[in-house]
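Laboratory data are not the source of any read-out in this text; all were calculated from the coordinates shown. Everything numeric in this text was worked out from a predicted model, so none of it was measured. Neighbour counts are summed over all protein chains in view; Cβ atoms, including those assigned to glycine, are modelled from backbone coordinates with ideal geometry.
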Ligand code: NI
């Protein structure tokens, strides 16, 4: 069984409170070599670090999600900088823009996104970007401000092939999650078939977005192989090939051990 890397999970979510250790054990049994556990505000980022400290195969990303951008304390950037310097932090994020739910004012979302991009350039860390219904604004900011040397990933990519091409031109990786297994997700399935294999990542975004067989239930890293199998089928490849390539891409982007 070729090991998998889950490039984006929220294992500190309260839906894992009762059985987190069992979820982690199932992830290991399912062949997960590493999971990047992602924060969405300062407390959840600190919690990601703590969990990563207790489990060798877990890594942490620290950042402020656009939903939470409106709630950050005035010194959040300084506190994020401190968190980001701890061991096992492999990226800044998730950060970005969400014009679908608009839980924070757009101007605040943009400010907090740009400040975190600048911090990533300063600390030489890759970024994990959340973009929902804000494609033009996200690309505009990335073009104007610039990605750092370490680049980044468009997490849970939800756009069409045209947008994917623009992201690839900016040097971003494209990460696909459970929705690629949904029969009606035509755009995402087209992207899955066309993204160069060396630019593709996979993720669960658990507890959200379970693959088709588990829809309506809580997602977890052990379900990730279903995403790999679907992408492989869409590309006419063996699942092991997709597993190996996406794991290698995650290792390269996040600087995880074992990069060949
Ligand atoms: Ni997420």
*Given 0.36 nm per residue, what is the gain on full extension from residue 82 to residue 29 after removing their alpha carbon distance, in nm?*
15.7 nm
_Proxy reagent accessibility, fewest Cβ within 10 Å first, across 162, 230, 203_ = 162, 230, 203
*Highest first, please rank the peptides 16-27, 84-95, 210-221 by the mean number of other Cβ atoms sitting within 10 Å of their residues.*
84-95, 210-221, 16-27
_Value of [θ]222 nm, deg cm²/dmol, for the chain, DSSP H segments ≥ 4, -39500 (n - 2.57) each, nearest 500_ = -12500 deg cm²/dmol
*Which ordering of 135, 130 is given by a fewest-first count of other beta-carbon atoms within 10 Å?*
135, 130
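Please rank 123, 147, 80, 176, fewest neighbouring Cβ atoms within 10 Å first, as an exposure proxy. Could you put the intermediate results ahead of the total?
On the way: 123 15, 147 18, 80 24, 176 28.
Ascending Cβ contact count within 10 Å gives the list 123, 147, 80, 176.
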*Between residue 197 and residue 165, what length comes free when the chain is fully extended (0.36 nm per residue of separation minus the Cα-Cα distance, one decimal in nm)?*
10.2 nm
*asked:* Please list, by residue number, everything in region 228-260 whose backbone N is under 16 Å from a paramagnetic label point 7 Å out along Cα→Cβ of residue 149.
replied: 253-255
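Could you work out how much longer the chain between residue 102 and residue 215 gets when fully extended? Use 0.36 nm per residue separation minus the Cα distance between them, nm to one decimal. Each step should come with its number before you reach the end.
Values: separation 113, 0.36 × 113 = 40.68 nm, distance 2.52 nm.
Answer, rounded to one decimal: 38.2 nm.
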*Averaging over all projection directions, find the projected area of the Cα convex hull of region 4-254 and quote it in nm² with one decimal place.*
12.0 nm²
